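Chemist: Below you will find the structure I want to go over with you.
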Amino acid sequence: MKTALKRWAAACALVLAGGAGAAGVSGKGTWETTLQQRFLESETVADAFYDTELNVTWLRNANVNGPMSWDDANAWAANLVFGGYSDWRLPTMVDTGGPGCADLSYGGGTDCGYHVQTKSGATVFSELAHLWYVTLGNKSFYAPGSGGWPQQGCCLTNSGAFANMRSWYWSGLEYAPDPSVAWGIGFDTGSVYGYGYQAFSGKDGMGYALAVRAGYLPPIPEPGAAVLLLIGLGALATARRRRSR
């Protein structure tokens with residue numbers, strides 16, 4: 001019994017060693033090559049990323065509006081206007097297999113639990129899970145396959161270039177067995193039921209919203225490029241007028 005308690009304490013200490021302060025880790029996940037910077041409202045700091053694998057654009061700030069209920073999160077995303085675009089939303093998810101979380105797995109391969117389905121061919125099962133497991137390369141508390149715990153190197157260790165990553169993030173999908181519940185995923189919750197755990201929570205609970213929109217957004221010109229072009233054109237026009245005198 002004492003050995004089991006010691007193991008549990010060590011596991012919890014490992015979990016809490018991760019956290020929302022995780023920075024970008026080079027070589028971990030695909031984020032360095034699949035997330036392209038976009039400058040929507042800033043000419044100096046990227047405030048969005050185009051995801052070439054999912055063909056979506058994420059906001060960089062993963063906590064724009066603070067914790068919200070599921071209904072408030074949906075309303076916030078639907079009414080968000082950023083960078084001149086008003087078609088932002090919560091991330092999508094597909095409820096595969098039987099409705100709900102009846103196929104819960106700690107080892108992976110289902111839509112509920114850890115190491116959940118992320119993408120197969122052109123089918124995206126969970127945009128948030130893909131971001132956590134594939135793009136950022138984070139590992140869940142439980143190891144894939146066997147479901148053994150704790151997994152070495154687990155938890156939120158890489159947030160890429162995103163800012164303010166928090167704990168539970170809402171998806172845009174209701175939980176079919178119960179309309180008062182919605183799907184989401186734990187990024188950094190301070191317990192084993194976070195860190196890549198995709199499941200459900202009551203809509204009136206508090207979670208975070210990471211805004212996303214479908215498709216590619218063209219980057220704005222590099223900072224100062226347009227100004228330099230105008231200066232150059234002005235100088236050229238002045239030189240021509242002088243030569244014509």
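Chemist: Among all residue pairs at least 6 apart or on different chains, which show Cβ distances below 8 Å where the first residue, located in the stretch 129-151, is under 22 Å from S171 (Cα atoms) and the second is open to solvent by less than 10 Å² (accessible area, probe 1.4 Å) and in a helix (DSSP H, G or I)?
Modeler: Every condition considered, the pairs that remain are N138/W132; F141/A11; F141/V15.
Chemist: Is the stretch 55-71 home to any residue that is hydrophobic (A, V, I, L, M, F, W, C) and farther than 21 Å from R166 by Cα? Steps first, answer last, please.
Modeler: From the stretch 55-71, those hydrophobic (A, V, I, L, M, F, W, C) are 56, 58-59, 62, 64, 68, 70; that's our starting set.
Checking the rest, the ones that are also farther than 21 Å from R166 by Cα come to none.
No; the residues of the stretch 55-71 include none that is hydrophobic (A, V, I, L, M, F, W, C) and farther than 21 Å from R166 by Cα.
Chemist: Which residue pairs have Cβ atoms under 9 Å apart, sit 6 or more places apart or on different chains, and have a first residue in the stretch 79-103 that is polar (S, T, N, Q) and a second that is assigned to a loop (DSSP other than H, G, I, E, B) and surrounded by fewer than 13 Cβ atoms within 10 Å (Cβ to Cβ)?
Modeler: N79/S86
Chemist: Exactly one of (1) more than 16 Å from the chain's Cα centre (by Cα); (2) closer than 19 Å to K119 by Cβ is unmet by Q151. Its number?
Modeler: Here Q151 meets the rest and fails (2).
Chemist: Turning to a different aspect of this structure: From the list D111, D72, D87, D95, which residue is at pLDDT 95 or above, closer than 25 Å to E174 by Cβ and not in a loop (DSSP other than H, G, I, E, B)?
Modeler: D72
Chemist: What number of residues within the stretch 180-239 are out of contact with any helix residue (DSSP H, G or I) (no Cβ under 8 Å at 6 or more places or on another chain), modelled with pLDDT under 95 and of a type in the set (V, I, T)?
Modeler: So the count comes out to 5.
Chemist: For the stretch 152-170, indicate whether the set of residues that are small (G, A, S), open to solvent by less than 30 Å² (accessible area, probe 1.4 Å) and not in a strand (DSSP E or B) is non-empty.
Modeler: Yes.
Chemist: Another question, if that's okay. Which residue, of A62, A122, is of a type in the set (A, V, I, L, M) and more than 19 Å from G184 (Cβ to Cβ)?
Modeler: On the way: A62 fails: more than 19 Å from G184 (Cβ to Cβ).
Only one candidate qualifies: A122.
Chemist: Here's something else I'd like to know. Within the stretch 103-127, restricting attention to residues that are hydroxyl-bearing (S, T, Y) and open to solvent by 20 Å² or more (accessible area, probe 1.4 Å), which residue is nearest to the chain's Cα centre (by Cα)?
Modeler: It comes out as T118.
The values are calculated or read from the model by the stated rules, or taken from the named source; none is laboratory data. For clarity, every value in this text was computed on a predicted model and none was experimentally measured. In this analysis, Cβ positions are derived from the backbone assuming ideal geometry, glycine residues included, and neighbour counts consider all displayed protein chains. These accessible areas exclude ligands, DNA and RNA; they are computed on the full protein's heavy atoms, side chains included. Shrake-Rupley method; radii C 1.70, N 1.55, O 1.52, S 1.80 Å.
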